[in-house]
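See structure below.
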């Protein structure tokens, strides 16, 4: 069975967060015939559709010590000293789902924002082929062939930097991705300028790209839709930054965002218009 997963953490797009999860669930359900389950990893399940399987994200460290002293420290040689209180007190910090990691490293293990996606790669969290979507992804057409998991990792080609990864949509085999999680923990949860996708690319530099396999079917709202509308054969519209889907007036986007669009015709790849 295919896992289709998303992550909702913190105050993202509040108060619209549950709406985004529910709409993505409806969009996937209407456009995916492959047997699957829809899973949301979250720290707050309030307002989610009962058909969504809810999984907890690890609890996060909090407070001035983490935010101001450790997380903000760029001098690596000082981090072991700053972490000393954590090493003494972490035995009390139970129930966060990271007990194994705490036993292996002195470094505080903490996930914020984008980096919660990396928890999906922790061995044992998921079994079987998995597809991931960012919450601000709008489904406008059939997904079955797009979500075939026949490679260890397939990601978006960054819409602005074609050589770089975009992690807003991924298909992966969980058993092949454990080294991403272990390396992230071992290195102390580093903060990358381009976020989790930069870290994934460093560890897994040979991923396939969705756009190479399905040219024109996966588009950027900003680059491909904002001025001329959604291309006729686009099946997935990716939002990155602002505007968010609920802020646009395009009727095709709004209908799809509410999970009402399904099974647009799919032409041969050579007939696609993306600009």
Residue identified as in contact with a helix residue (DSSP H, G or I) (Cβ under 6 Å, 6 or more places away or on another chain), crowded, with 19+ Cβ neighbours inside 10 Å and within 16 Å of residue 40 (Cα to Cα) among 135, 120
135
Can you find a residue in segment 223-240 that is assigned to a loop (DSSP other than H, G, I, E, B), under 15 Å from the mean Cα position of the chain (by Cα), modelled with pLDDT of 90 or more and buried (at least 16 other Cβ atoms within 10 Å of the Cβ)?
yes
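Only one of 186, 173, 161 is free of Cβ contacts under 8 Å to residues at least 24 places away in the same chain and assigned by TED's automatic domain parsing to the domain that holds residue 130; which?
Numbers: 186 fails: free of Cβ contacts under 8 Å to residues at least 24 places away in the same chain; 173 fails: free of Cβ contacts under 8 Å to residues at least 24 places away in the same chain.
Only one candidate qualifies: 161.
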Can you pull out every residue in segment 89-103 that is modelled with pLDDT of 70 or more and assigned to a helix (DSSP H, G or I)?
100, 101
Examine segment 24-42 for a residue that is crowded, with 16+ Cβ neighbours inside 10 Å, closer than 24 Å to residue 247 by Cα, touching a residue at least 40 places away in the same chain (Cβ under 8 Å) and in contact with a helix residue (DSSP H, G or I) (Cβ under 7 Å, 6 or more places away or on another chain), and state whether such a residue exists.
yes
Taking residue 51 as the residue in question, decide whether it is closer than 25 Å to residue 125 by Cβ, in a loop (DSSP other than H, G, I, E, B), modelled with pLDDT of 85 or more and in contact with a helix residue (DSSP H, G or I) (Cβ under 9 Å, 6 or more places away or on another chain).
yes
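The values are calculated or read from the model by the stated rules, or taken from the named source; none is laboratory data. It should be emphasised that the depicted structure is a prediction, and the values quoted were computed from it without experimental measurement. Virtual Cβ from ideal backbone geometry, glycine too; neighbours counted across all protein chains shown.
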